[in-house]
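Trainee: The following block contains the structure, expressed as structure tokens.
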Amino acid sequence: MLGGKKTAVPQTQEAGGNGAAPVALLTIAGDSAKVEGKFEIADSIQIECEIGGELKVGGRLVIGEKGVVNANVKTVDAVIMGHYQGNMAATGNVEITETGRVNGNITTDSLVISKGGFFNGNVEKINDDGKGRAVYLIDEMRAGQQR
């Protein structure tokens, strides 16, 4: 059923350039690969195929432009460049890029939607005390916004 390849690609640093040790980024790719099941990944993963089921990722989840994920996800950080459908809980940051398409609910500390990105669902913000509160308006970052 798995028609793609599975390779580990070294990543020099986590985003932010904090000088941390290199982290391996597991990549699952394949034009016709379809994988379904319950997955627990200790580190980070990039998906460039179709995956369904449940994902628990101990690092960063990257859904590439060719990636299609129909799953409930628990992760630290997520970058969505492809298609995602399901419920996601991310203790860190979630980014939907200009090519990203999301249908589902997201619970996270931070959500960024790039111009052109699509999001249909609900967002719940994780407060410092670990409890969530509903967030009803998500707006793209505007050029010239005062900080």
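Each reported figure results from applying straightforward, stated rules to the coordinates on display, with no laboratory input. A quick note: this is a predicted structure, and the numbers were derived from the prediction, not measured. Please note: Cβ atoms are built from the backbone with ideal geometry, for glycine as well, and neighbour counts cover all protein chains shown.
Trainee: By average Cβ neighbour count within 10 Å, what is the ranking of 52-63, 108-119 from highest down?
Mentor: 52-63, 108-119
Trainee: Which order do the peptides 80-90, 66-76 take when ranked by the mean count of other beta-carbon atoms within 10 Å per residue, highest first?
Mentor: By packing density, highest mean first, the sequence is 80-90, 66-76.
Trainee: Right, here's the next one. Starting from the 7 Å offset along Cα-to-Cβ, what nm value, one decimal, do you get for the label separation of residue 103 and residue 41?
Mentor: 2.3
Trainee: Please compute the net charge surrounding residue 53, taking Lys and Arg as +1 and Asp and Glu as -1 over other residues with Cβ under 12 Å from its Cβ.
Mentor: Net of charged neighbours comes to -1.
Trainee: Longer than 22 Å from Cα to Cα, which of 34/66; 56/115; 74/115; 38/74; 74/125; 56/125 are they? Say none if no pair is.
Mentor: 56/115; 74/115
Trainee: Pull out the extension gain between residue 122 and residue 91, defined as 0.36 nm times the separation in residues minus the alpha carbon to alpha carbon distance; nm, one decimal.
Mentor: 9.5 nm
Trainee: Debye calculation, C-alpha points only, no solvent: report log10 I(q)/I(0) for the range 30-133 at q = 0.14, 0.21, 0.22 Å⁻¹, in the same order as the q values.
Mentor: Debye curve over Cα of the range 30-133, log10 I(q)/I(0) at q = 0.14, 0.21, 0.22 Å⁻¹: -0.46, -1.06, -1.16.
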